[in-house]
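Worksheet for the structure shown next.
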Amino acid sequence: MYILHNILKSIKSKLRTLNKEVYSNISDRVIEIKNEWEAAQAHIMAGDVNSELLTKSRNLGVEYNKLCKTEWEFCRSKSRISWYKDEDANTKLFHNSMRVNQSRNLITRIEDDQGRMIDEYEHVKLTAINFYKGLFAEQNSTINKKDWLDMITSCRIEQEDYCMLQREITRSEIVACFMAMKVDKAPCPDNFSFEFYKDAWSIVGESVVDGV
C-alpha cells in the first residue's frame, strides 16, 4: 500500500497540469467552436461553397462534438467529487438530496385489508402499523420459541461454502472486482475514480492488488 500511495502521490501534480490543459475554460471553448462552426455553415448555406470551407466546417463539427464530450466528462467528474465530499455533510447538496429522497419515498396512498384505498396521511400511517401488527401477531401465535430457534439454527451454510469464505482471495478475483466497478461512481477517498484505476491499471494494478 505504501508503494501505491507513493505512485499516486507522484502523478497527482502531472494530472493537475493535464487537467488544466484539457478542461481549462471548457464551456467557453465549446461555445467558441460552436459559433465558428455555425458561421462556416452559414457561409455554405449562402452559396459560398468551396472545398476549403467544406473541410473547415467538417473539422469544426468533429472538434465541437469532441469538446462537448469532454465538457460532459468534466461536469460528470465534478459532480461525483462534490457528492463524495459534501453528501454526508451539513450542506445544501446534502439537504437537496434528502428532500429528493423523501419525496421519492413518500407513501401518499395505501390499500387496507378491505381493499379500500386510503389517502389521508394519518389513516395511511395507521393502516401500515395495523398491517404489521397483525402480521407479527399471527407469526407469534403459530410459532413457539423452540420452533423459532430450530428454524434459526437450521439456517447454516454448508462446510464447502464455509471453506470457500475462509480461503485467501486470489489476484484474479481482486482484478475482476475492480474491473466490474462502474467508472461513473464517486471517486475513492484518494480522489481517484475507478475510471482512472482501469485506464492506468498497467501502472498501478500490481500495487493495488498487493495493497488489498
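The values are calculated or read from the model by the stated rules, or taken from the named source; none is laboratory data. All values derive from a computational prediction rather than experimental measurement. When we count neighbours, we look across all protein chains shown, and the Cβ atoms used for this are built from the backbone with ideal geometry, even at glycine.
Points worth noting:
- Which numbered condition Gly47 fails, given (1) among the small types (Gly, Ala, Ser); (2) modelled with pLDDT under 70; (3) in a loop (DSSP other than H, G, I, E, B): (2)
- Qualifying positions in the stretch 16-34 - part of a helix (DSSP H, G or I), loosely packed, with under 12 Cβ neighbours inside 10 Å and not hydrophobic (A, V, I, L, M, F, W, C): Arg16, Thr17, Lys20, Glu21, Asp28
- Verdict on Arg76 being among the charged types (D, E, K, R), closer than 30 Å to Asp28 by Cα, at pLDDT below 75 and in the same structural domain as Glu21 (by TED's automatic domain parsing): yes
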